[in-house]
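Below is one structure, written out as structure tokens, with a few remarks after it.
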Amino acid sequence: MNILIKNVRLLDPSKNIDANNADIYIANGKIFDIVLDSSKKNFAADKIIQADGLIACPGLIDLSARLNSIEIELAAATAGGITTLVVPPDTTPPLDEPELADRLIHRAKDVKKTKVFPLGALTLGLEGKKLAELAGLKKVGCIAFSQANRPIIDTQSLLRTLQYAATFGFCVWYQPQDFYLSQNGFAHDGLIASRLGLAAIPVAAETISLLTLLELAKLTNVKLHFMRLSTAKGVEILQQNEYKNNITYDVNIHHLLMTENNINYFDTNAKFVPPLRSENDRQSLNKAIINNDNVAITSDHTPISAENKLLPFGEAKAGASGVELLLPLTLLWAKQNQVSLLEAIKKITAIPAKIIRTAVNDDSEKNLQNLGTLNIGGNADLCLFDENEAWQICEKNLKSRGKNTPFFNETLNGKVKLTIIDGRIIYSDL
């Protein structure tokens, strides 16, 4: 199908483009042309979309989204404008065998919605003991390797694992969290946890793990991406590290907008791993995101059933649904921090694309060169949205099976109107 998107505001952070009255021509799944002055062009369009008042950008990229139900959660992702997402290995069963990862990739392709890049498990069963079949997992399409939020406890095992990954040029995505300091904890080690009587997770749980990993990285020269950074001290460690220009990391959007105060009254929708931290931590994370082009924003989408949230705080499962809220929450973050729309979109398009390309580091993966950008001749993966349209976050408006979000029943601005993947209209609210 040939599609013509007319008179749209075009944002492409990878090229620093913010242009009004643009026309986007799509043919055979590719971007045929982009005209920034709306001049007439000889093009036989099967569908013309009048996009006055809308914004077009590269399809959003989410570096962490769990798919409890592939069909349902990928439909939710497309409704959120996400055209590419990374799946952590803590599926059921974990992605520790090539056959399991291959099955996930093919099931996602059969659904024909958001593109899925899996992370392979670093160790069998994510138990932190025996190395998984990394080469086989890489061969079937895993872009990097991770323990999700389950640390490798034995430092010797961690060193051997990183050595093996470095030998073959594999990238390791690791969530820095010391097992012994975080086990049985549920909240940030601060006044709120003390007042509510909740077992706490200190900042040191993150920083000790970070320092250990950085020292081991020096020994092994492994490529590292840190997942879900949550503390000011953690940011400081990375900014002062001698390898800071080679370090990438991501931050959950909720940690940029919320603090430990949001768990008041034991709100299980505000329970995360790592936990929501202090206001000082939140501000430091915001500064790091604003000033660093190696840091991405992620939804850390974790759909959880109502019965697993309607439990005492310590027993409830951690996480929140996020793929449908990644755009409006990023726009809210940008407004609060006086960040331009172009820079905000960069955090969920161009930067995560760069992190994925760094992880893969394979010249044969030519499609990755078109990830997070709008190249003529490249895959037509786009998101069209209305930055001012308000919508209520409620059960009927969320496609995800998980309705768990601390923003439930609130009204946010920023509504995805159209999601195009490989030149096909996958989601439309026009």
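Please report the carbon-and-sulfur percent of the accessible area for the chain; probe 1.4 Å, protein heavy atoms only, DNA, RNA and ligands left out. Percent of accessible area from carbon and sulfur atoms in the chain: 46. Over the C-alpha atoms of region 248-368, the Rg to Rh ratio, Rh being the Kirkwood estimate, stands at 1.02. Highest mean first, the peptides 388-399, 91-102 sorted by other C-beta atoms within 10 Å per residue fall in the order 91-102, 388-399.
Exceedance of the 22 Å cut-off in Cα-Cα distance is limited, within the set Lys138/Lys399; Lys287/Lys415; Lys233/Lys287, to Lys138/Lys399; Lys287/Lys415. A cut-off of 5 Å between modelled amide H atoms, ignoring neighbours fewer than 5 places along the same chain, links Thr298 with Val251, Asn252, Ile253.
The length gained by stretching the chain between Cys394 and Ile376 to full extension, at 0.36 nm per residue less their Cα-Cα distance, is 2.7 nm. With contacts taken as Cα pairs under 8 Å at a separation of at least 6 residues, region 299-430 carries a relative contact order of 28 percent. Taking region 12-88, which trypsin sites (Lys or Arg not before Pro) meet the DSSP loop condition and have no more than 13 other C-beta atoms within 10 Å? Sparse-neighbourhood loop trypsin sites (Lys or Arg not before Pro): Lys40, Lys41. Taking Cα atoms only, the orientation of helix 155-167 departs from the longest principal axis of the chain by about 30 degrees.
Reducing region 312-358 and region 174-207 to their Cα centroids gives an inter-centroid distance of 23 Å. What is region 2-125's relative contact order, in percent, from Cα pairs under 8 angstrom and six or more apart in sequence? Relative contact order, region 2-125: 21 percent. Farthest towards the positive end of the charge dipole of region 307-416, among the residues Leu398, Cys383, Leu327, is the Cα of Leu398, using unit charges on the Cβ of Lys, Arg, Asp and Glu.
When +1 charges are put on Lys and Arg Cβ atoms and -1 charges on Asp and Glu Cβ atoms, the dipole computed for the chain relative to its Cα centre reaches about 400 debye.
Straight-distance candidates among the aspartates and glutamates for linking to Lys396, with alpha-carbon spacing under 17 Å and chain neighbours fewer than 8 residues away dropped: Glu73, Glu324, Glu410, Asp429.
Computed about the Cα centre, the dipole magnitude for region 1-129 is approximately 420 debye when only Lys and Arg (+1) and Asp and Glu (-1) carry charge, each at its Cβ. Taking Cα centre as origin and charging only the Cβ of basic (Lys, Arg, +1) and acidic (Asp, Glu, -1) residues, the dipole magnitude of region 75-227 rounds to 500 debye. Farthest towards the positive end of the charge dipole of region 28-140, among the residues Val35, Leu60, Val87, is the Cα of Val35, using unit charges on the Cβ of Lys, Arg, Asp and Glu.
Taking the Cα centroid of region 268-285 and of region 10-71, what is the distance between the two, rounded to the nearest whole Å? Each part's Cα centre sits 34 Å from the other's. Note on the chain: dipole from Cβ charges, positive end direction compared against Leu211, Gly169, Thr259; the farthest Cα belongs to Gly169.
Compute the distribution of all C-alpha to C-alpha distances in region 114-248, in bins of 5 Å from 0, and list the percent of pairs in each, rounded to whole numbers. Computed distribution, short to long bins: 2, 10, 19, 22, 18, 13, 9, 4, 2, 0, 0.
Structural descriptor for the chain: relative contact order 20 percent, calculated from alpha carbon pairs under 8 angstrom and at least 6 residues apart. Normalised per residue, the accessible area of the chain is 41 Å², obtained with a 1.4 Å probe and no contribution from ligands, DNA or RNA. A simple spin-label model places pseudo-atoms 7 Å from Cα toward Cβ; at Gln336 and Glu215 they are separated by 3.5 nm. Taking 0.692 mPa s as the viscosity and 37 °C as the temperature, the Stokes-Einstein diffusion coefficient of region 296-430 based on its alpha-carbon Kirkwood radius rounds to 196 µm²/s. Over the chain, DSSP H runs of length four or greater, each weighted -39,500 (n - 2.57), average out per residue to a 222 nm ellipticity of -8500 deg cm²/dmol.
For His225, the amide hydrogen comes within under 5 Å of the amide hydrogens of Val172, Trp173, Tyr174, counting only partners 5 or more places away or on other chains and with H modelled in the peptide plane. Taken one residue at a time, the phi angles of region 246-255 give Karplus couplings (6.51, -1.76, 1.60, θ = phi - 60°) of 9, 9, 10, 7, 10, 9, 5, 4, 5, 6 Hz. Gly and Pro are set to x.
The values are calculated or read from the model by the stated rules, or taken from the named source; none is laboratory data. This structure is a prediction, so every number in the text was calculated from the model and none was measured. All Cβ positions, even for glycine, are placed from backbone atoms using ideal geometry, and neighbour counts span all protein chains on display. Just so you know, the surface numbers come from the protein's heavy atoms only, side chains and all, with ligands and any DNA or RNA stripped out. Shrake-Rupley method; radii C 1.70, N 1.55, O 1.52, S 1.80 Å.
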